[in-house]
Amino acid sequence: MSKTGRFGEYGGQFVPEALMGNLHQLEAAYLHYRDDADFKRELLDLMKNFAGRPSLLYYAKAMTEALGGAKIYLKREDLNHTGSHKINNVLGQVLLAKKMGKTRVIAETGAGQHGVATATAAALMGLECDVFMGKEDTRRQALNVFRMKLLGAGVHPVTSGTMTLKDAVNETLREWVTRMDDTHYVIGSVVGPHPFPMMVRNFQKVISEEIKSQILEAEGRLPDVVIACVGGGSNAIGAFYDFIDDASVRLIGAEAAGHGADTPKNAATMTNGVPGVFHGMKSYFCQDANGQITPTHSISAGLDYPGVGPEHAHLKDIDRAQYVAVSDAEAVEAFEYLCHTEGIIPALESSHAVAYARKLAPTMDKNQIIVINISGRGDKDVASIARFKGVDINE
Amino acid sequence: MNRLAKAFEKKKALIVFVAAGDPNIEATQKLVVAAAQAGADIVQIGVPFSDPVASSPEVQQADQRALAKGCTLDQIFDMAAQIREKVEIPLILKTYMNPIFVYGKTRFMGKCKLSGIDGVIVPDLPFEEREELVTVCTLHGVARIPVIAQAAMDRIGMVAKDAEGFIIMPMLDAALTKLVKAFSPLPCVVGLDAPTAEQAREAVAIADGLSIESAIVRLVALYGANSVGHVKEYIEKMRKILI
């Protein structure tokens, strides 16, 4: 049996025949440029001088003292250009697309962070850009829609299905099939058919590589726990990857429980989902007994997705990573907590990771270390928080 | 000779796609029987899926209507078994991979055999992933029918040689048809959403049959449970064009 692009039994290439040629071309190009000295130099230069890497690893002293347990460090991906970890993957993929001679990139987006990052990289490198976004998400994240347009991208509201991230992926896949010659699909997470989960992870693993060297410098030892939020799972796999072989480091993914993992309104794929085949990959999905993908809910558009990257499914099955569910209310509380305690406004997505760290830290010793990946900044979520709290801010 | 090979014997085959469960499963049963009586040689029964990424907008909407009515695979297998008592033509299930996977691959193909389903079309199962179904399909005598598009030009030989039953090409392309036929002795049909009379004639001039992918779905969307007469009339008309 062909094991191309598998993580254990997960992953694979479950797409129409018509896309396979493109996926093979992309894989060959990626494997070539991955080891190409010019490509590596150009990407490193973009990461450093355009995105602002390395991002800081910040000791959250006030939070540590307030919780009274483990020492807490925040990996500040929110400080990257465009405000999240998404830029790491996008710079890699858009540079690759350009090397492949593509003149146009397309992308799906949930919260808009990946769309903004893609529009940014396309503007920088002179490529045409079209972003597909669920109509429901264009409402939740109107500011990001305008931001993408300012950057020169076309934004296409998706009105099929639940009008959220899953449907945006469907439409972007459809668009790709109709126009493959000049177009590269910049998938925003470690999802989709091979080579995307492997390639996106490799562009994101810089997060864990930096954490490792930064924490060794600050503390002289590895952390005990790394926590990241999980939607598709790109910031989490980025934060986990370099620690997978370090058995002493616990890896925890915080997924969205929405109104509660035991209510119908959640996006807790690992907690409630079962293995299936969707969006080009075998992985865990929120679905019913007949294999129909079920609508999900999360206050955070970026976590509002019924699937998860195949590598996470594998890490869960082999017990190397643990996945926990955090509700909308807990995430909002953690959002406000980090604002007050540390003067940092985290993305609602990242707030899920902060929320679980708040529960975990007090149960740990003072000489232990937790690293929370703050995957993005929360400026885009201010209006959502106001709405959740019933505050009228005259948006 | 099996039912699929027989369908292509001595004439150009007319294949129609019907979306199961739209407007309801009883209506689908009547439509399939009526299609056979009106001269369809093979019927593709579409299994509704929440996210049919490779289907036309018409089929997507039909799937949504069917799912809203609670259409399930068990209903479709029961329906197929009842249809099989009345008609001899081959019945094909067109389904995405997830419903098969979640139902259980062996259970799914076993049910196909029991209810008289002759083949499956799985749009999101490319050649590289065929091992998912090869063994179970062979075991239960269910043909794996591929769709070969122009974009996959360099893959044609590989996919065509692996095909079973027949091959669908979703476009009017004489060169492509010729190429596919060079690699496979199986019948090749042209799949079109809602062909005009001229396109239908052209399709059977270059291939062994015509597969109509969306026209019936459109009629059902328009006439609902009262669509049987309209569908019959449409198929009779297309049948005459193909002869």
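Of note:
- For the residues A:G253, A:G291, the requirement of being crowded, with 24+ Cβ neighbours inside 10 Å and assigned to a loop (DSSP other than H, G, I, E, B) singles out A:G291.
- For the range A:16-31, filtered to residues that are touching a helix residue (DSSP H, G or I) at 6+ places or on another chain (Cβ under 8 Å) and farther than 14 Å from A:P197 by Cα, the residue that is farthest from the other protein chains (Cβ to nearest Cβ) is A:A29.
- Qualifying residue in the range A:6-15 (condition: of a type outside the set (G, A, S), closer than 23 Å to A:M100 by Cα and assigned to a strand (DSSP E or B)): yes
- Restricting attention to the range B:96-121, the residues being more than 9 Å from chain A (Cβ to nearest Cβ) and β-branched (V, I, T) number 4.
- Only listed residue being surrounded by fewer than 22 Cβ atoms within 10 Å (Cβ to Cβ), within 28 Å of B:E26 (Cα to Cα) and within 14 Å of another protein chain (Cβ to nearest Cβ), chosen from B:R144, B:R84, B:R155: B:R144
- Count - residues of the range A:359-393 that are touching a residue at least 24 places away in the same chain (Cβ under 8 Å), among the basic types (K, R) and under 18 Å from A:A236 (Cβ atoms): 1
- Residue match in the range A:336-357 (condition: modelled with pLDDT of 95 or more, part of a strand (DSSP E or B), more than 23 Å from B:F49 (Cα to Cα) and more than 14 Å from every other protein chain (Cβ to nearest Cβ)): yes
- B:G39 out of contact with any His (no Cβ under 9 Å at 6 or more places or on another chain), of a type outside the set (S, T, N, Q) and within 18 Å of B:V190 (Cβ to Cβ): yes
- A residue that is among the basic types (K, R) and either surrounded by fewer than 24 Cβ atoms within 10 Å (Cβ to Cβ) or at pLDDT 95 or above (or both) cannot be found anywhere in the range A:152-173.
- Per the conditions (1) within 14 Å of chain B (Cβ to nearest Cβ); (2) more than 30 Å from A:Q25 (Cα to Cα); (3) basic (K, R), the sole criterion not satisfied by A:R250 is (1).
- Of all residues in the range A:270-322, those satisfying the criterion of being small (G, A, S) and away from chain B (no Cβ under 14 Å) are A:S298, A:S300, A:A301, A:G302, A:G309, A:A321.
- The range A:189-231, subset β-branched (V, I, T) and in a strand (DSSP E or B), residue surrounded by the fewest Cβ atoms within 10 Å (Cβ to Cβ): A:V225
- Filter result (crowded, with 21+ Cβ neighbours inside 10 Å and facing another protein chain (nearest Cβ under 8 Å)) within the range A:1-15: A:G12, A:Q13, A:F14, A:V15
- Some residue of the range A:39-60 being crowded, with 20+ Cβ neighbours inside 10 Å, under 23 Å from the mean Cα position of the chain (by Cα) and under 30 Å from B:F101 (Cβ atoms): no
- Candidates A:V190, A:V158 - the one that is of a type outside the set (G, A, S), in contact with a strand residue (DSSP E or B) (Cβ under 6 Å, 6 or more places away or on another chain) and in contact (Cβ under 8 Å) with a residue 24 or more places away in the chain: A:V158
- Counting the residues of the range A:164-184 that are within 20 Å of the chain's Cα centre (by Cα) and away from every other protein chain (no Cβ under 13 Å) gives 1.
- Looking across the range A:326-335, the residues that are assigned to a helix (DSSP H, G or I) and either more than 17 Å from A:A111 (Cβ to Cβ) or modelled with pLDDT under 95 (or both) come down to A:A329, A:E330, A:E333.
- Among the residues of the range B:158-185, just one is buried (at least 22 other Cβ atoms within 10 Å of the Cβ), away from chain A (no Cβ under 14 Å) and either hydrophobic (A, V, I, L, M, F, W, C) or touching a Pro at 6+ places or on another chain (Cβ under 7 Å) (or both), namely B:F166.
- Scanning the range B:54-69 for any residue that is in contact (Cβ under 8 Å) with a residue 40 or more places away in the chain, touching a strand residue (DSSP E or B) at 6+ places or on another chain (Cβ under 8 Å), at the interface with chain A (Cβ under 10 Å from one of its Cβ atoms) and over 21 Å from B:P146 (Cβ atoms) turns up at least one such residue.
- Those helices (runs of 4 or more DSSP H) lying entirely in the range B:82-187 with at least 1 residues under 27 Å from B:A203 (Cβ atoms) and touching a His at 6+ places or on another chain (Cβ under 6 Å): none
The values are calculated or read from the model by the stated rules, or taken from the named source; none is laboratory data. Given the structure is predicted, the values throughout are model-derived calculations rather than measurements. Cβ: placed from backbone, ideal geometry, glycine included. Neighbour counts: every protein chain shown.
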